[in-house]
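**Q** Could you have a look at this structure, given as structure tokens, before my questions?
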Amino acid sequence: MKNKNNYDYLLADLTKLNGVGKKTMEILKKKKVNNIFDLLWRLPKSYTDRTLVSKICDLQIGKVQTIRITPLKYQFPRIRNLPNRVNCIDETGKIDCIFFNSYDGYVKKILPLNEEVTISGKISSYKGRYQVTNPTYVSQDSSLIETINNKYSLTEGITEKTYNKIINQILKNLPRLNEWHDKEVLIKFDNQNWNDSIIKLHDPANIGNYKENFYKRLAYDEIFASFLVNSEIRKKIKKIKKISKKFTQKTHNNIINKLDFNLTNDQNKSLNDINKDLNSKSKMFRLLQGDVGSGKTIVSLISSLNVISSGFQVALMAPTEILARQHYTLAKKLFPRNIHIALLSSKSENIEKKKIINELKNNKIKMVFGTHAIFQKKVLFKNLGYIIIDEQHKFGVRQRKLLSDKGGNNCDVLLMSATPIPRTLTMSIYGDMDVSIIREKPNNRKEIKTYSKLENKIDDVIRFVKKEINEGNQIFWVCPLIEESKKLDHQSSVIKYKFLNKLFPNKVALLHGKIENDEKEEILNKFLKKEYSILVSTTIIEVGIDFPNANVIIIENANKFGLSQLHQLRGRVGRGIKQASCILMFKSNLSANAKKRINILKNSNDGFEISEEDMKLRGFGDLLGFKQSGIKNFKLADPIQNEDLFLLAEEQIKKIEKENLSINKYKGLLKLYDQADIINDMV
Ligand code: ADP
Ligand code: MG
């Protein structure tokens, strides 16, 4: 195959390769390998398994992890189809290694009794015990784990041999690409060019050499490409011209005078950022980021009032109805009476819904609150000027862009998120937006006292709960989601509910995944009205709702949560004047690592700080919520290992933006790394 001077070869269909037929192509397509370029990132296995060395008590179900364990006992059943089992321990817990279709001799050889070995594999749980089936790497020397295995982790239906044939063919035919980076950048990677780097990447001798220049160069390519895409989107949105909204201090004071508190400096600063944007002639696309309880809602409402007095309509979308209702109620309280606002709820009568839809169409309703239902096709606005989206960190770049298009050119967009993210990630996650941050908490907040308790000390906890209830306080009791089974999740919360209900009859409510939305909202509303003292639930309470009277949160099996998630949960309490407490419960004694994590939480109440630490300890993929989001999935780059590359890319992008440099020489890079071509998709 020729075509060596352009990108067509790399973006060509896989059937262009010798030895790849329709069948192989289909198999690879299922793995999201659509062309030759995509195939380049299917790496020898040990690259992709960035294994984690864990203690048993810290294991996470469903992940490939590495542990050092001591085999204690063999269970070799003499029945066909039953697997061989080896009971193993470390100082923190137990785990079984399971081997299907294996010889006893083999198992004994790799897991000798009473000798410490290092194994690696996907962790599962069976009848309440951790297990790992056919561990992939097994070694007595942990330093060997990375190097002994250089197999490509492919895919049923394609043999190792075929795969090697394909990849060698590609490497031999790599086109010469023009360098896209500046000299000053390239020198940092010892001038490694793209081609040589790719070839080195696939050399088995280089497995695990992710600190080498060729690897860093390639990681930098993808970081830079993703930042550049985001930056281009931002530039494009900024170029959109709109009718500016007028701004008067009087409108603001209208609300501010009704508050029984002063805005914090950061709230004022964010409000200024937003007002400046609303007032300008280009479209706003801004993120308001602030820890739980930092007071984002009020900022969004004050800014809305300006938009309304400029003759435009506002739509505020929340992730749940109950949250939409809370925002609506607050606006009702604060807005001047003559401003007509509405809550579009799925529970409203049809007649009422129709009325709201009509009054949005004829501009009688100035602001509407609701869930994503407010963006249904039949909901039309006369003059929508401002969209506010609350708690939607799970929106990816693409969804946000759609949203920004939705309202038309005159519509400004504000996203609010209580999910602080480490600084290195801001550009990759929110690089398409301008960002305002509220770091400071309202100064009337008391610190939430955080305790840890072993589960067998539950009597102490109950005594504490009793005391709090007697004082008229409310309590959240969180049972963790059991990942592998919705049913178990349901069971564990039901059991806890029954247990607590016996102790506190008629005072306990239960929320779990199986409860329908309507009923959920009803339970939450009753809890808000203090009809119950304890709310047993899974993590549904995480999102945004303000329960000023709840001041205790108890989180069971707290090990199962990331620190940021625990911080978010903890932020559900401590909104009122009373001292708030958070009790983290654990099944067994904490390992040193787990203790370290919990101490971070006890010592800090700053979500940004916690998220940094959380990322360092648990890895990037685990950061709250982003696992499911549309966030860029890096092929090689790792925000923890490659922090310097993220900073370098940010610096370069800022330079391009500031000096208004042409991005022409990066066209090839973007073509390869942003195949969806999100920039040119834009209007
Ligand atoms: P979040 O940023 O998590 O969305 P909210 O907007 O729900 O936070 O605000 C949490 C609580 O803090 C609300 O009860 C709100 O009235 C209150 N609040 C907001 N700003 C201040 C402030 N500057 N001083 C005191 N309380 C405030
Ligand atoms: Mg909020």
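**Q** How high is the FRET efficiency from D546 to K127, r the C-beta distance, R0 41 Å, rounded to 0.05?
**A** Values: r = 41 Å, r/R0 = 0.99.
Between D546 and K127 the formula returns 0.50.
**Q** On to the next question. For labels at D260 and S588 in the simple 7 Å Cα→Cβ model, what's the distance in nm?
**A** 5.0 nm
**Q** For Cα pairs less than 8 Å apart in space and 6+ apart in sequence, what is the mean separation divided by the residue count of region 185-228, i.e. the relative contact order in percent?
**A** Numbers: 27 pairs, mean separation 18.3, N = 44.
Computed over region 185-228, the figure is 42 percent.
**Q** If you don't mind, there's one more thing I want to ask. Report the gain in length on full extension from I515 to N6: 0.36 nm times residue separation, minus Cα-Cα distance, nm rounded to one decimal. Present the calculation step by step, with values, prior to reporting the outcome.
**A** Numbers: separation 509, 0.36 × 509 = 183.24 nm, distance 5.57 nm.
Additional length available on full extension: 177.7 nm.
**Q** Turning to a different aspect of this structure: Of K276/K401; K269/K446; K172/K635; K30/K236; K183/K616; K347/K377, which pairs sit farther than 27 Å apart, going by alpha carbon to alpha carbon?
**A** Values: K276/K401 21 Å; K269/K446 23 Å; K172/K635 22 Å; K30/K236 33 Å; K183/K616 32 Å; K347/K377 18 Å.
Going by Cα-Cα distance, K30/K236; K183/K616 fall outside the 27 Å limit.
**Q** Using +1 on the beta carbon of Lys and Arg, -1 on that of Asp and Glu, and nothing else charged, what's the dipole of region 515-620 about the Cα centre, debye to 20?
**A** Values: 16 positive and 14 negative charges, 121 e Å.
Here region 515-620 has a charge dipole of around 580 debye.
**Q** Which pairs, out of K235/K671; K406/K655; K31/K406; K109/K211, put more than 27 Å between their alpha-carbon atoms? Write down the numbers at each step before the final one.
**A** Working: K235/K671 18 Å; K406/K655 31 Å; K31/K406 32 Å; K109/K211 34 Å.
Violating the 27 Å Cα-Cα cut-off are K406/K655; K31/K406; K109/K211.
**Q** Something else now. By its C-alpha gyration tensor, with a ≥ b ≥ c as the square roots of the eigenvalues, how is the chain shaped: rounded for a/c under 1.5, else prolate for a/b larger than b/c, else oblate?
**A** Numbers: a/c = 2.05, a/b = 1.18, b/c = 1.75.
It comes out oblate by the Cα gyration axes.
**Q** What does DSSP give for the chain in terms of the percent of beta bridges that are antiparallel, rounded to the nearest 5?
**A** Values: 28 of 85 bridges.
Taking every DSSP beta bridge with both residues in the chain, the antiparallel ones total about 35 percent.
**Q** Multiplying the sequence separation of L402 and N272 by 0.36 nm and subtracting their Cα-Cα distance, what value in nm do you get? Before the final figure, lay out each step's value.
**A** Values: separation 130, 0.36 × 130 = 46.80 nm, distance 2.60 nm.
The span from L402 to N272 would gain 44.2 nm if fully extended.
**Q** Further, regarding this structure: Taking the Cα centre as origin and putting +1 on Lys and Arg beta-carbons and -1 on Asp and Glu beta-carbons, what dipole magnitude results for the chain, to the nearest 20 debye? If you can, show how the numbers build up before the last one.
**A** Numbers: 115 positive and 76 negative charges, 363 e Å.
It works out to roughly 1740 debye.
**Q** Would you be so kind as to identify which of N557, T264, S428 lies farthest towards the positive end of the dipole of the chain, taking Lys and Arg as +1 and Asp and Glu as -1 on Cβ and the Cα centre as origin?
**A** T264
**Q** Can you list residues from other chains, or at least 5 along the same chain, whose modelled amide H is less than 5 Å from the amide H of T450?
**A** Under 5 Å from the amide H of T450: C582.
**Q** Select from Q376, S346, S303 the residue farthest towards the positive end of the dipole of region 295-450; place +1 on Cβ of Lys and Arg, -1 on Cβ of Asp and Glu, and compute about the Cα centre.
**A** S346
**Q** Here is a further query. What are the DSSP H helices in the chain that stretch 15 Å or more along their long axis, judged by alpha-carbon atoms, and whose average Kyte-Doolittle hydropathy comes to at least 1.0? All intermediate terms of the calculation are to be shown ahead of the outcome.
**A** Values: long enough: 160-172 (18 Å, -0.80); 213-239 (38 Å, -0.48); 265-279 (21 Å, -1.87); 296-309 (21 Å, 1.30); 321-334 (20 Å, -0.36); 350-361 (16 Å, -1.02); 458-470 (18 Å, -0.12); 486-503 (26 Å, -0.73); 517-528 (16 Å, -1.16); 592-603 (16 Å, -0.86); 607-618 (16 Å, -0.88); 643-658 (22 Å, -0.48).
Helices passing the filter in the chain: 296-309.
**Q** Ok, one more. Roughly speaking, what is the stretch gain from K446 to Q169, that is 0.36 nm per residue apart minus the C-alpha to C-alpha distance, in nm to one decimal?
**A** On the way: separation 277, 0.36 × 277 = 99.72 nm, distance 6.42 nm.
Roughly 93.3 nm would be gained on extension.
**Q** Follow-up question, since we're still on this one. Run the quick spin-label model on T162 and S604: label points 7 Å from Cα toward the beta carbon, then report their separation in nm to one decimal.
**A** Distance between label points: 4.9 nm.
**Q** Further question on the same structure: Cross-link candidates for K457: which aspartates and glutamates have Cα within less than 20 Å, leaving aside residues fewer than 8 places away along the same chain?
**A** Result set, ordered by chain and number: E468, E556.
**Q** Check which residues have an amide H placed less than 5 Å from I554's amide H, if you skip close sequence neighbours.
**A** F476, W477, V478, I583
**Q** What is the spin-label model distance, in nm, from L454 to L503 if the labels are put 7 Å beyond Cα along the C-beta direction?
**A** Taking the simple label geometry, L454 and L503 are separated by 1.8 nm.
**Q** State to the nearest 20 debye the size of the charge dipole of region 319-386 about its Cα centre, where the only charges are +1 on K and R beta carbons and -1 on D and E beta carbons.
**A** Numbers: 14 positive and 4 negative charges, 39 e Å.
That gives a dipole near 180 debye.
**Q** Show me the ranking of peptides 298-305, 495-502 by mean Cβ neighbours inside 10 Å, starting with the highest. Each step should come with its number before you reach the end.
**A** Details: 298-305: 23.5, 495-502: 15.9.
Averaged packing, sorted descending, gives the order 298-305, 495-502.
**Q** Let me ask something additional. Under 8 Å for C-alpha pairs, at least 6 residues apart: give me the relative contact order for the chain, rounded to a whole percent.
**A** Numbers: 1163 pairs, mean separation 93.0, N = 683.
Relative CO of the chain lands at 14 percent.
**Q** Using a Förster radius of 22 Å, what is the FRET efficiency between N664 and K281 based on their Cβ-Cβ separation? Nearest 0.05, please. Each step should come with its number before you reach the end.
**A** Numbers: r = 28 Å, r/R0 = 1.26.
It comes to 0.20.
**Q** Now for a different question. Divide by every residue of the chain the summed helix terms, -39500 (n - 2.57) for each DSSP H run of at least 4, and state the resulting mean residue ellipticity at 222 nm, rounded to the nearest 500 deg cm²/dmol. Please report the intermediate quantities before stating the final value.
**A** Numbers: 23 runs with 255 residues, N = 683.
Value at 222 nm, helices only, nearest 500: -11500 deg cm²/dmol.
Each reported figure results from applying straightforward, stated rules to the coordinates on display, with no laboratory input. Predicted model only: the values in this text are computed from it and were never measured. Cβ coordinates were reconstructed from backbone atoms using ideal geometry, including for glycine residues, and neighbour counts include every protein chain displayed.
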